[in-house]
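Novice: Here it is, the structure in full.
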Amino acid sequence: MSAPLLSVSGLTVALPPGGDRPHAVEDVGFDLARGEILCIVGESGSGKSISAAAIMGLLPRRLPAVAGSIRFGGRDLLRLGKEEMRAIRGREIAMVFQEPMTALNPIMPVGQQIAEVMEAHGEGDAASRRARAIELLAEVRIPSPELAVDAYPFRLSGGQRQRVMIAMALALRPSLLVCDEPTTALDVTTQAQILALVRDLQATRGTGILFVTHDFGVVAEIADRIAVMQHGRIVEIGARDEVLSRPRHDYTRRLIAAVPRLAGREVAPRPAEPPLLAIDGVSKVFWRGGLLSRRTPVHAVRKASLSLARGETLALVGESGSGKSTLARCVVRLVEPSEGEIRIGGTVVTGISQRAFKPFRRRAQMVFQDPFASLNPRRRVGEIVAEGPITHGTPRAEAIARARELLALVGLDPAAATRFPHEFSGGQRQRIGLARALALEPELLVADEPVSALDVSVQAQVLALIADMKKRLGLTMLFITHDLRVASEIADRIAVMRQGEIVETGTPAAIFTRPAHPYTRDLIAAIPGRGWEAARG
């Protein structure tokens, strides 16, 4: 039997003193064969990404590896110096990061960033590196690679930026690829394309792939083996079908049970009454270009029409760039529509002044995708939650007291009001965002991808919380998501959006069992792990 490509044994990474446990990773061990895909799954904080960073030699100073070994190519990577690791990193082992917009240099064309990897290892000259960059962009199926090579990251879609990251990782043909949540924020069709690309790398190059993810649909689609991590330890490891179908550990069973099901639910018709939210023929055009280039229109939303009855949840789904978030922002007046009409409670709110719209801000609140970016890092959580009511005239002491009540309502300790956003996990920050939105006692909640970056167990908790809040407070909800499993679980109706247009609307049962539009059928076909979904029953 041939030696493994990668062998991790007894890996232990210390946490700074004062944490909830002494080690980020403790006594972790696994092997990875050439041409194998090993998926590491677990909740946020389980040690998945720390394990990946240890392999890459990218652990921060405050998280030292204090025990164990990582053997690759006859060497223990933990014993190598910085220069030795730098020679290996990129050439023999490469990494694809979770957020390409953060990992890519925003002021450098993507072709130069790919070429930079080759230059750092003394490969070729400028012309050959550029030619290789174009070749790699074609290999990862970027349209018009000869033009894309000179494009800046912000000009590319999220899926295209992730492909650029993969192209950079492949530049020197490494034998081991470490992927840290590379599909987390991608829509299902883009995700399917990235997963197909990963499988192709495995098949054609024999690349060994360590794939960190919390998405069990992705795991079911590409894994050869699965390692399940909890609190820094591997609690279960085995063949994909064995772990997914016959999990041995209670924690694995809980994770799998938390995965939303593609349920074709029928929803009872609602009594006829005026809608709380009516969107009629709304379009939004952005203009690209400026002083030195010709201005060209970008049609983000085209003649969109929707209505939401009181107490209803409508999920708006579609690919990245389909116009979902733009339409949501039009509803709460963060973006002004170019044409069309939006009515809240029968009152037209498009075209009125911000002063006139102020009373409607109490009635329509928004929960954002990235709670860390939308929470002021310099303010305490209680102040953040109380800010809206104070702005609308509530006395400060009363607003702070209500903020503590709301934090308890969303499952946080009221004492959390004195802490800052960075002191909370992603799921907890999303709860804070929800508490802030509820502080003004809105009738309408617009939730823009509120669970897309959360692991399955935290996602399940937040979805259950949202459903409970809806029931208790009688909320009406416009729920933006690219995750069709989430949409099927939470929505009374689903609207499918493509290139700014709403192409189909129906109940979950109609959408998932009788999709009428070819685009809807394509979206459903792209959902990863559908075979496993059917086997779950």
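Novice: Which count do you get for residues in the range 150-203 that are in a loop (DSSP other than H, G, I, E, B) and within 16 Å of CYS39 (Cα to Cα)?
Specialist: Here is the first cut: in the range 150-203, the residues in a loop (DSSP other than H, G, I, E, B) are 150-152, 156-157, 171-175, 181-187.
Subset that is within 16 Å of CYS39 (Cα to Cα): 181-184.
Final tally of qualifying residues: 4.
Novice: Within the range 90-103, is even one residue out of contact with any Cys (no Cβ under 7 Å at 6 or more places or on another chain) and over 27 Å from GLY57 (Cβ atoms)?
Specialist: Residues of the range 90-103 that are out of contact with any Cys (no Cβ under 7 Å at 6 or more places or on another chain), as a first pass: 90-95, 97-103.
Applying the additional criterion that residues be over 27 Å from GLY57 (Cβ atoms) yields none.
There is no residue in the range 90-103 that is out of contact with any Cys (no Cβ under 7 Å at 6 or more places or on another chain) and over 27 Å from GLY57 (Cβ atoms).
Novice: Here's something else I'd like to know. Sort through ALA138, ALA127 and tell me the only one that's more than 22 Å from ILE209 (Cα to Cα) and assigned by TED's automatic domain parsing to the domain that holds GLN162. Working first, answer last.
Specialist: Numbers: ALA138 fails: more than 22 Å from ILE209 (Cα to Cα).
The match here is ALA127.
Novice: I'd like the residue in the range 489-530 that is among the basic types (Lys, Arg) and under 26 Å from ALA258 (Cβ atoms) and, out of all such residues, is surrounded by the fewest Cβ atoms within 10 Å (Cβ to Cβ). Let's see the steps before the verdict.
Specialist: The initial filter retains those residues of the range 489-530 that are among the basic types (Lys, Arg), namely 493, 498, 514, 521, 530.
Narrowing further to those that are under 26 Å from ALA258 (Cβ atoms): 493, 530.
Values: ARG493: 22, ARG530: 15.
Ranking the candidates gives ARG530 first.
Novice: Also: In the range 282-340, what count of residues is obtained for those that are part of a strand (DSSP E or B) and among the acidic types (Asp, Glu)? Talk me through it step by step, then tell me what you get.
Specialist: Just the residues of the range 282-340 that are part of a strand (DSSP E or B), to begin with: 282-290, 293-308, 313-317, 339-340.
Now narrow it down to the ones that are among the acidic types (Asp, Glu): 339.
Of the residues in that region, 1 qualify.
Novice: Related question: Does any residue in the range 334-349 that is without any contact (Cβ under 8 Å) to a residue 24 or more places away in the chain come within less than 8 Å, Cβ to Cβ, of a residue that is among the aromatic types (Phe, Trp, Tyr) six or more places away or on a different chain, and which pairs are these?
Specialist: Partner pairs satisfying both residue conditions: THR347/PHE360; VAL349/PHE357; VAL349/PHE360.
Novice: Shifting gears a bit: For the range 382-392, does any single residue satisfy the condition of being closer than 27 Å to VAL486 by Cβ, at pLDDT below 85, surrounded by 15 or more Cβ atoms within 10 Å (Cβ to Cβ) and in contact with a helix residue (DSSP H, G or I) (Cβ under 7 Å, 6 or more places away or on another chain)?
Specialist: Among the residues of the range 382-392, not one is closer than 27 Å to VAL486 by Cβ, at pLDDT below 85, surrounded by 15 or more Cβ atoms within 10 Å (Cβ to Cβ) and in contact with a helix residue (DSSP H, G or I) (Cβ under 7 Å, 6 or more places away or on another chain), which makes the answer no.
Novice: Additional query: Regarding SER157, is this residue hydroxyl-bearing (Ser, Thr, Tyr) and over 23 Å from LEU523 (Cα atoms)?
Specialist: Working: hydroxyl-bearing (Ser, Thr, Tyr): yes; over 23 Å from LEU523 (Cα atoms): no.
It is false that SER157 is hydroxyl-bearing (Ser, Thr, Tyr) and over 23 Å from LEU523 (Cα atoms).
Novice: Among the residues of the range 204-220 satisfying the criterion of being of a type outside the set (S, T, N, Q) and assigned to a loop (DSSP other than H, G, I, E, B), which is nearest to ARG141 (Cα to Cα)?
Specialist: So the residue we want is GLY206.
Novice: Tally up the residues in the range 235-265 that are of a type outside the set (D, E, K, R) and in a helix (DSSP H, G or I), please.
Specialist: Of the range 235-265, the ones of a type outside the set (D, E, K, R) are 235, 237-239, 243-245, 247, 249, 251-252, 255-260, 262-264.
Checking which are in a helix (DSSP H, G or I) leaves us with 243-245, 251-252, 255-257.
Matching residues across the range 235-265 total 8.
Novice: Of the residues that make up the range 141-162, is at least one in contact with a strand residue (DSSP E or B) (Cβ under 8 Å, 6 or more places away or on another chain) and under 24 Å from SER452 (Cα atoms)?
Specialist: Looking only at the range 141-162, we keep the residues that are in contact with a strand residue (DSSP E or B) (Cβ under 8 Å, 6 or more places away or on another chain), and these are 162.
With under 24 Å from SER452 (Cα atoms) added as a condition, the list becomes 162.
Checked the range 141-162: at least one residue is in contact with a strand residue (DSSP E or B) (Cβ under 8 Å, 6 or more places away or on another chain) and under 24 Å from SER452 (Cα atoms).
Novice: Next up: Run down GLY42, GLY10, GLY29 and say which single residue is assigned by TED's automatic domain parsing to the domain that holds THR184 and under 15 Å from PHE211 (Cα atoms). Step through it out loud before you land on a result.
Specialist: Numbers: GLY10 fails: under 15 Å from PHE211 (Cα atoms); GLY29 fails: under 15 Å from PHE211 (Cα atoms).
Criteria check complete, one pass: GLY42.
Novice: Kindly indicate whether ARG71 is in a loop (DSSP other than H, G, I, E, B) and surrounded by fewer than 21 Cβ atoms within 10 Å (Cβ to Cβ).
Specialist: no
This table checks each residue for (1) outside the structural domain of ALA309 (by TED's automatic domain parsing); (2) closer than 20 Å to ALA460 by Cα; (3) modelled with pLDDT of 90 or more; (4) touching an Asp or Glu at 6+ places or on another chain (Cβ under 6 Å).
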| residue | (1), (2), (3), (4) |
| --- | --- |
| ILE494 | no, yes, yes, no |
| THR505 | no, no, yes, no |
| ILE511 | no, no, yes, no |
| HIS517 | no, no, yes, yes |
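Novice: Within the range 162-189, restricting attention to residues that are surrounded by fewer than 21 Cβ atoms within 10 Å (Cβ to Cβ) and modelled with pLDDT under 85, which residue is farthest from HIS214 (Cα to Cα)?
Specialist: THR189
Novice: If you check GLY10 against the conditions, is it closer than 18 Å to GLY232 by Cα and surrounded by fewer than 18 Cβ atoms within 10 Å (Cβ to Cβ)? Lay out the reasoning, then the answer.
Specialist: On the way: closer than 18 Å to GLY232 by Cα: yes; surrounded by fewer than 18 Cβ atoms within 10 Å (Cβ to Cβ): yes.
Yes, satisfied.
Novice: While we're looking at this one, here's another question. Go through (1) over 28 Å from the mean Cα position of the chain (by Cα); (2) within 30 Å of VAL235 (Cβ to Cβ); (3) among the hydrophobic types (A, V, I, L, M, F, W, C) and name the single condition ALA87 misses.
Specialist: It is condition (2) that ALA87 fails.
Novice: Also: Restricted to the range 87-108, and to residues that are out of contact with any helix residue (DSSP H, G or I) (no Cβ under 8 Å at 6 or more places or on another chain) and not in a loop (DSSP other than H, G, I, E, B), which residue is farthest from TYR152 (Cα to Cα)?
Specialist: My answer is ALA87.
Novice: In addition: May I ask you to list the residues in the range 109-129 that are in a helix (DSSP H, G or I) and surrounded by fewer than 16 Cβ atoms within 10 Å (Cβ to Cβ)? Don't jump to the end; show me each part of the working.
Specialist: Residues of the range 109-129 that are in a helix (DSSP H, G or I), as a first pass: 110-120, 126-129.
Listed by number, the residues that qualify are GLU119, ALA120, ALA126, ALA127, SER128.
The values are calculated or read from the model by the stated rules, or taken from the named source; none is laboratory data. Since the model is a prediction, treat every value here as computed from it, not as a measurement. Ideal geometry is used to build each Cβ from the backbone, glycine not excepted, and the neighbour counts take in all protein chains shown.
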